[in-house]
Amino acid sequence: MSTYSKKLLACWHPVAYAHEVKAAEPYSTKLLDEALVIWRSSDGKAHAMRDLCIHRGTALSLGWVADDCIICPYHAWRYDAKGDCVLIPQSKHVTIPTKAKTPVYLCQERYGLIWVCLASQAVYDLPEIPEFEKGDWKVVNTGPFDWDSDASRQVENFTDFGHFPWVHPGLLGDPQRPLVPDYEVETKGHILHYSIVRPEASNSDDFPVFANEEVVQPVRRSRYELHLPYTIVLRLGWGAEKGMVYFFVSQPISKDKCRGYCIIGRNYDLEQPDTVLQNFEDVIFGQDKRVVESQRPEQVPFDLADELHLQFDAVAIHYRKAMNKEELAYWHMYD
């Protein structure tokens, strides 16, 4: 973890969809190069700790859960939710050494995700998405999407307007209308705010997922919040009451691996099978993946001089500046 900025470690990061972490089954993952095990106690609460038994370095995630403890598969040492070893079967009459513990981390469950913070206190709160919690919007989990790139590349791709006609023709963009309209980005602390009305492709027969009208040249009204470092709340509208919310967040596994979670809510087509949106996003993220995984370096270069930026790249410019200002950029630490 020493290669990452302290502030990046102090952010909430997703590590799993909530449904992936089942009762009595430890879940293995990695966050900022730290191996983690996520598990649930009998009350259903999720816990996060280093995936390491201090005895012989075995991965606790290979073990099992019993009596609100996670049990090492090698010698059955038991660790409670505080990370303390509470039972050594081979030495019942010996006082358990104080060193017999493993670090635990802040953990919470919200929006259908398990979140972990590797510091003792988080620097930012999670974004508020009332549409997901008031009950009258249908919410669909898509993905997750595992890419061989840094989380910064995955997030920035999600906000890039210029690629839609070329990477997603007929789905998100129209090659006959490639111009990106002017827009402005406002940075407030760790959140970038920006809105745009841009050309959109008509709904396809395979993926009728948007609420645009059957017009010759449909447009989309998009209102973005980019919460540093790797979270986006996107609200879509088409000029009427129908709306859609995209919640995208990337798990920074390492400098060249990430995992994206895309949760979609909408107040229309409530009876449509979840698979329509899920299959649509599989196609979209698959088209993006081959392009983004080709980018070099794998992480966004936060020095503006390292890449060429034009006016329609305003989000990328502000993202780089804000990541530096908030001390979340870490690319230089790999040199």
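Which of the cysteines in the chain are isolated, no other cysteine C-beta under 4.7 Å?
Among the cysteines of the chain, those whose Cβ sits 4.7 Å or more from every other are C11, C69, C85, C107, C117, C258, C262.
Give me the net charge of I54's neighbourhood, meaning all other residues with Cβ under 13 Å from the Cβ of I54; Lys, Arg count +1, Asp, Glu -1.
Taking every other residue near I54 into account, the sum is +3.
Could you list L226, L62 so that the one with the fewest beta carbons within 10 Å of its beta carbon is first and the one with the most is last?
L62, L226
Quick check on region 6-117: what are the equivalent-ellipsoid semi-axes from the Cα gyration tensor, as sqrt(5λ), descending, whole Å?
The three semi-axes for region 6-117 are 24, 15, 11 Å.
Top mean-square fluctuation among W39, W166, W238, Gaussian network model of the chain, C-alpha springs under 10 Å?
W166
What ranking do C117, C11 get, fewest neighbouring Cβ atoms within 10 angstrom at the top? The partial results should precede the final answer.
On the way: C117 20, C11 25.
By the 10 Å Cβ count, ascending, the order reads C117, C11.
At 1.567 mPa s and 4 °C, plugging the Kirkwood radius over alpha-carbon pairs of the chain into Stokes-Einstein gives what diffusion coefficient in µm²/s? Present the calculation step by step, with values, prior to reporting the outcome.
Details: Rh = 21.5 Å.
Result for D is 60 µm²/s.
Sorted from fewest to most neighbouring beta carbons within 10 Å, what does the list F312, F247 look like? Let's see the in-between values first.
Values: F312 16, F247 23.
Ranked by crowding around the Cβ, least crowded first: F312, F247.
Go ahead and set up a Gaussian network model of the chain, Cα springs under 10 Å, then flag whichever of P130, P169, P26 fluctuates most.
P130
Among residues other than D84 whose Cβ falls under 15 Å from its Cβ, what is the net charge (Lys/Arg +1, Asp/Glu -1)?
Spelling it out: positives minus negatives among the neighbours equals +2.
In this model, which of K7/K321; K30/K255; K289/K321; K22/K255; K45/K82; K257/K289 are farther than 19 Å apart at the alpha-carbon?
Pairs exceeding 19 Å: K289/K321; K22/K255.
Cross-link partners among lysines for K92, C-alpha distance below 20 Å, same-chain residues fewer than 8 apart left out?
In chain and number order, the partners are K101.
When only C-alpha pairs under 8 Å and at least 6 residues apart count, what is the relative contact order of the chain, in percent? Walk me through the intermediate numbers first.
On the way: 687 pairs, mean separation 60.2, N = 335.
18 percent.
Bear in mind these aren't lab numbers, they're just calculated from the coordinates by the rules spelled out. Please read these numbers as outputs of a predicted model, since none were measured by experiment. Neighbour counts are summed over all protein chains in view; Cβ atoms, including those assigned to glycine, are modelled from backbone coordinates with ideal geometry.
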